[in-house]
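Below is one structure, written out as structure tokens; comments come after it.
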Amino acid sequence: MGTDLKGKVALITGSTGGIGRVIALKFSENGAAVIINGRTPESGAETVNEIKGLGGNATFEKADISVYGEVKEMVDRALVKMPQIDILVVSGGGVLTNPNFFMEIDPDTYIDFINSQYFSRLYCVRAVLDHMVERKRGKIVLIGTDAGRWPTPGETLPGGAGAALVMTTKVLAGEIARWGIRINTISTTVTGDTPSLDNVFHGPAAKIFKRAMERQPFPITTNDIAEAALFLASKASDQITGQTLSVNGGLCFPG
Ligand SMILES: NC(=O)c1ccc[n+]([C@@H]2O[C@H](COP(=O)([O-])OP(=O)(O)OC[C@H]3O[C@@H](n4cnc5c(N)ncnc54)[C@H](O)[C@@H]3O)[C@@H](O)[C@H]2O)c1
């Protein structure tokens, strides 16, 4: 089957909860050994035990993906435990501020936000690239946001980070294709069953996001994003690179 990941090893960051966790479960269900990442071993152990309980192969590596040194050490440690990393999925990064209108955002928080949502993706990609280049293969899937493709009130910073990720995906795809490495981004929007959305619903832009959720003709859950990630991580998408796929339930139609 095109989406069979048997024999593959996938590193999924931010997979102790939210979207990343569901992607890890989906990949394991489809045969991959998975490396779970997060900032706390306790929540890592929960996900690892759940996957092992279902008959899968999982291990945990602690790192804050917004700190390059930690990411690099995580990859080095993972490669001692696992023979290779075939797939990298970068999710998580933490929403440091609720969506908020520009005039309300403290300028001192701009850098931390962009670091958590954009540089974190670059750090993870950079840390696995030497290994993937050496093997002349690899699949990379980044989790981004439709705020980077569609102007969304209250999302100046996520929008900027998201738009940067879309262009980075295209540029990198061209640079790394010569080593057989594919990179794509999934751009998502209000996702029903995530703790970070809960957080948004208690913030200043809650009304806008509740309305967006009601306007989705096909409301999305973490499972829908995991299905898209499985496709982009598997052989089924070998001819696709440099693309951003919006999994947004038909909320908007970015070009
Ligand atoms: N949830 C949504 O509605 C939504 C909407 C648009 C975009 N997104 C994108 O999806 C990504 C994932 O969202 P999510 O809802 O799963 O929540 P999330 O990013 O808040 O958390 C997911 C998991 O990652 C871990 N994590 C957070 N920061 C980390 C860090 N710095 N290093 C390592 N692990 C970390 C958390 O502890 C949690 O277990 C977001 O970063 C965002 O770019 C989500």
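Taken together, the values in this text are just the output of simple stated rules run on the coordinates, not laboratory data. Source: prediction; values computed, not measured. We place every Cβ from the backbone using ideal geometry, glycine too, and count neighbours over all the protein chains shown.
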To the nearest Å, what is the center-to-center distance of the stretch 34-49 and the stretch 192-224, using C-alpha atoms only? 25
Applying the Karplus parametrisation 6.51 cos²θ - 1.76 cosθ + 1.60 with θ = phi - 60° to the phi angles of the stretch 151-168, what ³J(HN,Hα) value in whole Hz is obtained for each residue in order, glycine and proline being reported as x? x, 10, x, x, 10, 4, 6, x, x, x, 5, x, 5, 4, 5, 4, 6, 4
Under the rule of at least 5 residues apart or a separate chain, name every residue whose amide H is placed under 5 Å from the amide H of Thr185. Leu142, Gln243, Thr244, Leu245
Put +1 on the Cβ of every Lys and Arg and -1 on every Asp and Glu Cβ in the chain; which of Ile114, Leu54, Ile176 then has its Cα farthest towards the positive end of the dipole? Ile176
Additional length obtainable on full extension of the chain from Met167 to Gln239, 0.36 nm per residue less Cα span: 24.0 nm
Could you name the lysines whose alpha carbon sits less than 27 Å from that of Lys170, not counting residues in the same chain fewer than 8 places away? Lys8, Lys26, Lys72, Lys136, Lys139, Lys235
Inter-site label distance for Tyr110 and Ala45 at 7 Å from Cα along Cβ, in nm: 4.3
Determine the calculated [θ] at 222 nm for the chain from helices alone, applying -39500 (n - 2.57) to every DSSP H run no shorter than 4 residues and normalising by the residue count; nearest 500 deg cm²/dmol. -13500 deg cm²/dmol
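Pairwise over distinct Cα atoms, reciprocal of the mean inverse distance: report the Kirkwood radius of the chain in Å, one decimal place.
Numbers: mean 1/r = 0.0551 Å⁻¹.
Result for the chain, one decimal place: 18.1 Å.
Placing unit charges on C-beta atoms (Lys and Arg positive, Asp and Glu negative, everything else neutral), compute the dipole magnitude of the stretch 141-231 about its Cα centre in debye, rounded to 20.
With Lys and Arg at +1 and Asp and Glu at -1, about 260 debye.
What is the magnitude of the charge dipole of the stretch 192-255 about its Cα centre, with +1 placed on the Cβ of each Lys and Arg, -1 on the Cβ of each Asp and Glu, and no other charges, expressed in debye to the nearest 20?
Details: 5 positive and 6 negative charges, 56 e Å.
So the magnitude is around 280 debye.
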Nearest-20 debye value, the chain charge dipole, Cβ charges on Lys, Arg, Asp, Glu: 780
Mind listing the long-range amide H neighbours of Asn100? Cut-off is under 5 Å, sequence gap 5 or more, other chains count too, H placed in the peptide plane at 1.01 Å from N. Thr156
Among residues other than Val75 whose Cβ falls under 12 Å from its Cβ, what is the net charge (Lys/Arg +1, Asp/Glu -1)? -1
Which of Gly31, Gly69, Ser91 sits farthest toward the positive end of the charge dipole of the stretch 9-246, with +1 on the Cβ of Lys and Arg and -1 on the Cβ of Asp and Glu? Gly31
Taking +1 at the Cβ of each Lys and Arg and -1 at the Cβ of each Asp and Glu, which of Thr145, Leu157, Ile208 sits farthest along the dipole of the chain towards its positive end, judged by Cα position relative to the Cα centre? Thr145
Once you sort the root eigenvalues of the Cα gyration tensor of the stretch 1-70 as a ≥ b ≥ c, which label holds: rounded (a/c under 1.5), prolate (a/b larger than b/c) or oblate (the other case)? prolate
If packing is taken as the average number of other Cβ atoms within 10 Å across a peptide's residues, how do 105-111, 59-65, 144-150 rank, most packed first? 144-150, 59-65, 105-111
If a/c stays under 1.5 just call it rounded; otherwise compare a/b with b/c (prolate if a/b is bigger, oblate if not). Do that for the stretch 98-159, with a ≥ b ≥ c from the square roots of the Cα gyration tensor eigenvalues. oblate
